[in-house]
Amino acid sequence: PNVCAVQKLIGTNRKYFTNCKQWYQRKICGKSTVISYECCPGYEKVPGEKGCPAALPLSNIYETLGVVGSATTQLYSDRSNLRPEIEGPGSFTIFAPSNEAWASLSAETLDSLVSNVNIELLNALRYHMVNKRVLTDDLKHGTTLNSMYQDLPIQIHHYPNGIVTVNCARLLKADHHATNGVVHVIDKVIATTTNSIQQIIETEESLETLRAAVAASDLNSLLESEGQYTLLAPTNEAFEKIPRETLNRILGDPEALRDLLNHHILKSAMCAEAIIAGLTMETLEGTTLDVGCSGEELTLNGKPIIANKDVLATNGVVHFVNELLIPDSAKTLFELAQESEVSKSMDVFRQAGLSSHLTGSERVTLLAPVNDVFKDGLPIVDSNMKNLLLNHIVRDQLSSKYLYHGQKLQTLGDKELRVFVYRNNLCIENACIAAHDKRGRFGTLFSVDKMLTPPSGSVMDVLKADHRFSTLVAAIQSAGLTENLNRPGTFTVFAPTNEAFRAMPQGELNKLMGNAKELANILKFHVADEILVSGAVGALVRLKSMQGDKLEVSMKNNVIHINKEPVAESDIMATNGVVYAVNSVLQPQASRPQERGDEPADPALEIFKQASALSKVSQRNPRLAPVYSRLLARMKENSGGF
């Protein structure tokens, strides 16, 4: 009974009195902890008995300070003449710095307090006190308590992970009851807070550039207002690390500048001591930052860039950062792409002389192939390649979540691209979106899985332009299907190559070509009346052919198969569909040679078999005789008599 678990951080003196919300962690900022057990506050061990069964007698606050590990606070209370007050009648709460907290103060700070014990030290200690009993359950997140020093506020934060901070000092041991109040042990000596976040910016020399940026973006009033914010304040050094051209562009663009600054402001106050593992926090800009820790260092998006932490303000807390956090919304398309999996695409666009479209104020959407597309090397940039790249830049700044099936997009190359929405993918022509959008200041980046092929002509135009399909073109014309494949539509054509026709037995090929009706039937089996690009094919997709039977399209080892036959080439785009080259002529089910076991059964024969089996049973069981008679009657009806 009355035993509390404590997580001790290996290699340090830091302890965390664990609760259910923290118990599963077993790590603090990536460092392992050892679980030990101590008597809960107010209890002690009894020799020979389990746990901590004996309740300690209550004493006044002064005496309690010596028991809970805050003997230095007890000593300074005596020196500053606070002792009579905390020994006497009343109901107080004291947030008592631990012995280690006092020892961690600089010699200069400690000397300024202790040298004039009757004033400075007494005021400092009274700022740690509240003139009423406040237990942990009363320490609600975001509340303030009036201290006993000029009623100056003490800020309380009670975080979801169970950690409680007092002016960003962590509560180490809580709820030590005394006859005249309660003692909470904290890990820092806390100081009075009178400046807002804006006032800290105005008085701190290392934030001079930030000060000018805040003034230019009219954020002064927000950072002066009541609330609880966290400002990740970029130092002058952080601004200097940014290329001058980029920095001037952002500082000269009010919207980009405001987004930049809002990206450095979290919607709630987050003290460093409350961060014991990674968590995602929302900024005023609406984006998120991964705030974490590694040992003694705080991290942002995995990087230890926080130089000075827990500068407390009346309306939140400031952490100084030595790198600028530029949000996507303040970046050009070129900057977005350079930091993602499409950096090789940027090299190609730059070689083609198209950088101005990616760095200016033109509203566009870039369809950028991922780096894997260029694993065999970058393509040669000639006039044809430049025209193709222009068709990867769509007019207007789009968002993929607003795209819809059949939508038409206009490119800078004056081509019209179609949007296809599938169950498992979103594609623009043959290129499917491979990652979430990145929305920049003027442009949006879509990472796509392949180079886009704009459509050129109808399905018939595509087939006629490719010498591999000359036999197929002749067959289509012979079957009278030319007009069908020229008209507007949404066709997927599995086009047999000349090689496919040559592979057929000569007699069968001659017979097929001489029968227009049968030829049309076979050709229609190769056409589906909907567009299916390869990026939409998962394990298996079934399409209904124009002949009526189903086509089964599947993906095996990154190769498209149609009715288990491998496709030679995918995604040859046409204005009214898509063409796949196949090296075999597909056969509908009804046209395939059937084995005897697949032949449909004669219903009369089936009935006769059942009747024969049942007759033997009916002879043994008179009740089945009527059933046998009915079966004989059905047999006669189906066979017309014997």
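The values are calculated or read from the model by the stated rules, or taken from the named source; none is laboratory data. Note that the structure is a prediction, hence the values are computed from the model and not measured. Neighbour counts are summed over all protein chains in view; Cβ atoms, including those assigned to glycine, are modelled from backbone coordinates with ideal geometry. When the accessible area is computed, the model is the full protein with side chains, heavy atoms only, and any ligands, DNA or RNA have been set aside. Shrake-Rupley method; radii C 1.70, N 1.55, O 1.52, S 1.80 Å.
I need the shape label for segment 119-266. Rule: rounded when a/c is under 1.5, else prolate if a/b > b/c, else oblate, with a, b, c from the alpha carbon gyration tensor. Prolate, since a/c reaches 1.5 and a/b exceeds b/c. For segment 268-282, backbone phi angles converted through the Karplus equation (6.51, -1.76, 1.60; θ = phi - 60°) give residue-by-residue couplings of 9, 7, 10, 7, 4, 5, 7, 9, 10, 7, x, 8, 9, 10, 8 Hz, Gly and Pro being listed as x.
Close amide H contacts of SER196 (hydrogens built in the peptide plane, cut-off under 5 Å, sequence separation of 5 or more or a different chain): THR314.
Bridging of LYS550 to lysines at a Cα separation below 26 Å is possible for LYS511, LYS517, LYS524, LYS564, once same-chain residues fewer than 8 apart are set aside.
Enclosing the Cα atoms of segment 252-399 in their convex hull gives a volume equal to 147 cubic angstrom per residue. Would you mind checking the pairs LYS8/LYS31; LYS450/LYS556; LYS27/LYS173; LYS8/LYS309; LYS344/LYS401 and listing those with alpha carbons more than 21 angstrom apart? With Cα atoms farther than 21 Å apart: LYS8/LYS309; LYS344/LYS401. Sparsely packed loop sites in segment 42-89 (the trypsin sites (Lys or Arg not before Pro) outside DSSP H, G, I, E and B with at most 15 other Cβ atoms within 10 Å) comprise LYS45, LYS50.
Taking 7 Å steps out from each Cα toward its Cβ at GLU226 and ARG502 produces label points 8.7 nm apart.
Of the peptides 375-383, 210-218, the ranking by mean beta-carbon count within 10 Å, highest at the top, reads 210-218, 375-383. The calculated FRET efficiency for the pair LYS556 and ARG363, based on their C-beta separation and a Förster distance of 45 Å, comes to about 0.60. In terms of the Cα gyration tensor, with a ≥ b ≥ c the square roots of its eigenvalues, is the chain rounded because a/c is under 1.5, prolate because a/b exceeds b/c, or oblate? Verdict is oblate for the chain.
Derived value for segment 36-87: Kirkwood hydrodynamic radius 12.5 Å. Basis is the mean of 1/r over every pair of different alpha-carbon atoms. The distance separating the Cα centre of segment 153-199 from that of segment 234-274 comes to 30 Å. Sorting TYR422, TYR402, TYR16 by accessible area puts them as TYR402, TYR422, TYR16; the probe is 1.4 Å, largest comes first, and only protein heavy atoms count. Per residue, segment 353-413 exposes 53 Å² of accessible surface when a 1.4 Å probe is rolled over the protein heavy atoms with every protein chain present. Peptide packing for 306-313, 406-413 was compared via the average number of neighbouring C-beta atoms within 10 Å per residue; ordered from the highest value, the list is 306-313, 406-413. The per residue volume of the convex hull around the alpha-carbon atoms of segment 192-323 is 101 Å³. Near SER534, once Lys and Arg are set to +1 and Asp and Glu to -1 for all other residues with Cβ below 12 Å from its Cβ, the sum equals -3. With no solvent and one point per C-alpha, what does the Debye sum give as log10 I(q)/I(0) for segment 459-582 at q = 0.12, 0.13 Å⁻¹? Taking Cα atoms of segment 459-582 as identical point scatterers yields -0.41, -0.48.
In the chain, the portion of solvent-accessible area held by carbon and sulfur atoms comes to 49 percent [1.4 Å probe, whole percent, DNA, RNA and ligands not counted]. Taking the average, over residues, of other Cβ atoms within 10 Å as the packing measure, peptides 473-485, 2-14 rank 473-485, 2-14 from highest down.
For segment 573-580, putting each phi into the Karplus relation 6.51 cos²θ - 1.76 cosθ + 1.60 with θ = phi - 60° gives couplings of 7, 10, 5, 10, x, 9, 10, 10 Hz, in residue order, rounded to whole numbers and with x for Gly and Pro.
Taking a ≥ b ≥ c as the square roots of the eigenvalues of the Cα gyration tensor, segment 1-129 is oblate, since a/c reaches 1.5 or more and a/b is not larger than b/c.
When the residues LYS544, LYS517, LYS438 are ordered by accessible surface, computed with a 1.4 Å probe over the protein chains alone, the sequence from largest down reads LYS517, LYS544, LYS438.
Relative to the longest principal axis of the Cα atoms of the chain, helix 470-479 runs at roughly 60 degrees.
In this simple spin-label approximation, LEU543 and ASP151 carry label points 7 Å from Cα along the Cα→Cβ vector, and these lie 7.8 nm apart. Ordering SER329, SER115 by accessible surface, largest first, gives SER115, SER329; the 1.4 Å probe counts only protein heavy atoms, with every chain in place.
Can you give me the Rg/Rh ratio for segment 337-412, using Cα atoms for both radii and the Kirkwood formula for Rh? Looking at segment 337-412, the ratio lands at 0.97.
Taking all Cα pairs closer than 8 Å and separated by 6 or more residues, the relative contact order of segment 459-582 comes to 28 percent. Over segment 127-170, the alpha carbon radius of gyration divided by the compact-protein estimate 2.2 N^0.38 Å works out to 1.10.
Each pair of Cα atoms in segment 383-429 enters the Kirkwood radius, and Stokes-Einstein at 25 °C and 0.890 mPa s then converts it into a translational diffusion coefficient of 216 µm²/s.
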